[in-house]
Each structure stands twice: as C-alpha cells, then as structure tokens.
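Each remark here refers to the structure printed beneath this line.
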Amino acid sequence: MLREFKLPDVGEGLTEADIVAWHVKPGEAVEDGQIIVEIETAKAVVELPCPWDGTVARLLAEEGQTVEVGVPIIAVEVGAPDSAERPPVPAPAPAESTAPAGSAAEDEAPAEESPAEENGAHSVLVGYGVRASSTTRRARRAAAGRPETAEVPTAPAVPVEPPELATEPRATEPRAAEPGVPAARVLAKPPVRKLAKDLGISLAELAGSGPDGSITRDDVQRAATAGTPARSAESGNGSRTATPATVAGGEERIGVRGVRKHMAAAMVSSAFTAPHVTEFLQVDVTETMSALRRVRELPEFAELRVSPLLFAARALLIAVARHPLVNSSWDAAAEEIVVKHYVNLGIAVAAERGLIVPNIKRADAMTLPELARSLQALTETGRAGKATPADLAGGTITITNVGVFGIDAGTPILTPGETAILAFGQVKDMPWVVDGQLAVRKACTLSLSFDHRIVDGELGSAVLRDVGSMLEDPVRMLAWG
C-alpha cells in the first residue's frame with residue numbers, strides 16, 4: 001500500500017516549513033520512528049520521523065523547497081508491494097465492474113484514512129490536520145451496484161527512481177499538475193543540489209549535460225563562473241540555458257525563509273511596537289574575572305566551559321528578583337502588565353540560519369553549576385541548529401553576548417513579548433582609577449534596552465546599576481541572592 005506522509009504542524013501553529021535535508025532516498029527501506037527529513041520552521045530546525053515501516057517510493061519535495069503544512073512530502077510503500085495491496089489502475093474510460101460483494105476487488109478499495117488516523121497512530125508529533133486549502137486524496141465512491149474503487153496515484157510508486165538520483169516528477173507525468181505537489185524538476189544528485197544551493201544557483205535555470213539531461217557538478221560550477229552559462233546538447237527534457245547566479249561585481253539574491261524570515265518579522269514588530277530605551281554602564285570586572293578563574297578549578301565545573309557570561313546571567317537573575325517589573329510583558333488586549341514571577345532566561349545565539357533566542361526554563365531556581373551546564377548545552381544546541389520550538393518558546397528576559405564578536409556595546413532590540421534585554425560587551429584591559437591611582441583593569445560595557453511603557457528611567461537604571469555592582473564585586477551576589 002502506498003502511503004503519503006504529510007508535513008505536520010510540529011506544535012507551534014506554523015503554516016509552512018522548508019525542507020532542509022533528506023536522510024533517505026527512493027528505494028531505501030525505512031522503519032517506524034526513523035528520522036527521514038530535517039525541516040526548518042519559522043523557529044527551528046526539526047527532525048521528522050517516519051510513522052511506518054516500508055520502502056521509500058519517492059520524495060515529493062526537494063531540499064530548499066517551502067511546503068505548506070498538510071501537503072505530502074514523501075511516499076512510502078507500506079507492507080508487501082503486491083497487486084492485492086495496491087489500488088487498481090483505472091481504465092481510460094469508466095467500465096462496469098461485475099465483481100461480487102466480498103470479492104478481492106471490493107476488498108482492495110478501503111476508504112483512505114484521515115490525516116489523524118494515517119499519521120497520529122505512530123507519530124510522536126502533533127497537529128497533523130490538513131488545512132482547507134490543501135489537497136487530499138479520498139476513496140472514490142462507485143455508483144450503486146459497483147464496488148468502491150480507491151483513487152489511484154497518477155504517478156506510479158514502482159519502479160522508483162534510481163537511488164543515486166534525487167528527482168522530482170517529470171513534466172510528462174500528470175501528477176505534476178496536481179495542487180500541493182511539486183512541479184517538474186530537472187535531474188540532479190544530492191551533492192550537486194547542495195553545491196548549487198551553496199553557490200546560490202537555481203537548478204531550474206540550468207541545462208544538464210549528464211545522462212538523461214541531469215545536472216552535473218561541472219554544469220553548476222560553469223554556471224557559477226562569471227559570464228559562462230551552462231549549456232548542453234539537445235536532451236528533449238525541456239532544459240534551458242543557465243543564467244549565472246553570481247557575477248563578479250554583480251548582485252546576489254538570498255531567499256528569506258525559515259528562521260531568518262521569522263527573525264526579520266520579529267525584529268520589525270518589536271522595534272515598531274515597544275518604545276525602546278537603551279542605557280549603558282562601564283564596569284570594572286577585574287574581580288569577576290578572578291572569581292571566574294577560581295570557579296573553573298572547582299570539581300563541579302570540571303567538564304564545563306565557564307565564561308564571564310555565567311556571572312552576568314547570575315547577576316541579571318538576582319536583579320530581576322529585586323526588581324520583578326523588568327521581567328514582565330505588555331498585554332495590549334487586556335490593557336494589563338503581566339509580571340512573571342519566574343525567569344525563563346533567553347540567550348541570543350547567532351546560528352548559521354539566523355538569530356535565535358532559546359531560553360533556560362526556570363533559570364532563577366538553578367544553582368550556579370546547573371546554570372553553567374544549561375548555558376553551555378543551550379548555546380551548543382542553538383549553534384548546531386538543533387533548538388526545538390519548545391526551547392524557543394516562553395522566554396521572559398534575554399541576554400546577548402556581543403563581546404564574543406569583539407564588540408564593546410550595542411542597542412539590542414527586545415525579544416517580542418519581553419520587557420528587557422541585556423547586552424554584555426567584550427572584556428578588555430582599560431585604564432581605570434583605583435583608590436586615586438591610575439591602573440590597568442579588566443572592564444566591559446553593559447547595555448540594557450527596555451520597554452519604556454513598562455520600565456521608566458529610574459527602574460531601568462536601578463536594574464543596570466545592580467548588575468554592574470555584582471560584576472564589580474561578585475560577593476554581592478551572595479549577599480543579595
């Protein structure tokens with residue numbers, strides 16, 4: 001039986017996702033629970049498991065393609081691929097069926113299961129419902145006196161495309177015209193597709209010189225060379241002359257999708273919704289750096305990469321406990337300020353696909369070693385692009401460590417739904433007056449942006465001053481915490 005796996009809503013009410021990478025190819029055997037594809041939603045890269053045991057018949061979406069929730073992305077042959085389990089192929093013209101009730105012909109045409117029945121029984125994900133605009137296949141009800149006949153996939157599941165070629169339906173197949181299914185694509189192996197994606201070249205604009213008009217690595221590299229279009233001999237597959245994607249001194253267009261698209265929308269929304277105010281404070285962190293060296297020698301931190309960010313995070317958590325209003329949100333509909341008496345500490349991470357802000361749940365209840373482990377794990381997960389939607393949801397206040405980029409200070413934009421964000425600048429040697437004498441000290445700049453609807457100048461200054469005081473003298477964390 002040929003079954004189609006539809007793109008699910010992974011739990012955040014998202015409407016679409018990008019196909020990042022396939023982990024399977026046509027002809028490969030798959031198992032229930034095996035990871036088959038990575039998708040990029042507006043918030044994170046998510047791995048999707050296969051809900052059945054079977055064999056991959058075809059991939060219905062290619063890497064880099066944006067697919068709506070509820071649209072099929074892969075077809076899997078489930079169970080024995082014999083004719084008894086496959087829907088019968090319809091004749092060009094309708095024909096009367098004389099199969100008796102209870103015969104094999106009647107048994108062959110069960111009504112197609114709903115998305116929830118088809119995917120929910122085995123999948124660990126939620127929200128598999130198909131939107132009203134999405135295309136679904138239902139069993140075709142025959143006229144009275146005729147057995148039911150299932151609607152037949154217009155593209156045959158077997159034989160599948162050769163495993164070495166990742167292809168989409170050809171232009172000659174009727175399936176390409178169906179809504180929700182990718183249009184015809186040229187042939188190209190996965191490494192070639194990746195190379196084209198890395199170079200910013202559209203495979204649809206290339207003419208292939210490989211077997212059956214497939215795109216080769218040489219075709220892509222020629223197209224990337226300035227003024228050298230990729231051409232091929234007449235192949236009869238509708239191939240076109242390529243347009244170089246990037247020309248020296250020319251322009252390059254980068255698609256805005258997934259995490260970057262969400263980040264852009266969030267930053268615009270935040271900047272033009274919350275009135276931002278940013279304050280700055282230079283701090284002598286010599287004592288903090290000394291304490292950091294001692295902490296690194298403790299057995300509780302033996303396997304951790306402890307950085308000054310740990311002390312900045314602890315100082316901010318204590319400042320929030322002293323000034324709870326800074327850890328709140330603005331509810332415009334209810335005309336209320338919602339004060340959070342818990343802290344989900346967001347950490348801004350510059351991932352390959354864009355800026356994300358995963359958060360440490362209930363960071364205020366953690367010990368220093370627990371906070372250090374959570375910071376390290378969250379940062380590594382975020383940079384690897386493996387942060388889940390749950391990691392990114394529910395933040396209450398954020399820290400961004402601009403110091404790792406060699407930057408002293410900035411004016412950070414609030415994470416939507418939050419009231420404050422602290423930027424921690426680079427720690428460097430600076431001349432400083434100590435007890436009336438000029439000395440070289442370790443210093444950094446703190447920048448605190450806050451929503452002026454909720455936090456006025458006095459409160460914002462008090463929060464920033466408290467964080468600075470604790471970084472100047474870490475013992476204050478013990479006294480105030």
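Karplus-based coupling profile of the stretch 22-38, in residue order and whole Hz: 8, 9, 9, 10, x, x, 7, 7, 10, 10, 4, x, 6, 5, 10, 7, 10, with θ = phi - 60° in 6.51 cos²θ - 1.76 cosθ + 1.60 and x standing for Gly or Pro. Put simply, the amide H of residue 188, placed in the peptide plane, has neighbours under 5 Å in 166, 215, leaving out anything fewer than 5 places away on its chain. The modelled label-to-label distance for the pair residue 287/residue 23, using points 7 Å beyond Cα in the direction of Cβ, is 5.0 nm.
As an exercise, use a Förster radius of 60 Å and the Cβ-Cβ distance of residue 480 and residue 218 to find the FRET efficiency, rounded to the nearest 0.05. E between residue 480 and residue 218, to the nearest 0.05, is 0.35.
Modelled spin-label separation between residue 303 and residue 15, with each label point placed 7 Å from Cα along the Cα-to-Cβ direction: 4.5 nm. Near residue 408, the amide H atoms lying under 5 Å from its own belong to 426; only residues 5 or more places off or on other chains count, and H is placed 1.01 Å from N.
With an a/c value of 1.5 or above and a/b not larger than b/c for the gyration tensor axes a ≥ b ≥ c computed over the alpha-carbon atoms, the stretch 308-352 is described as oblate. Exceedance of the 31 Å cut-off in Cα-Cα distance is limited, within the set 261/361; 197/428; 340/386; 6/261, to 197/428.
Simple spin-label estimate for residue 256 and residue 31 gives 4.4 nm between the two label positions (7 Å along the Cα-to-Cβ direction from each Cα).
Bear in mind these aren't lab numbers, they're just calculated from the coordinates by the rules spelled out. What you see is a predicted model, and the numbers here were worked out from it, not measured in a lab. Counting neighbours? That spans all protein chains shown, and the Cβs are built from the backbone with ideal geometry, glycine included.
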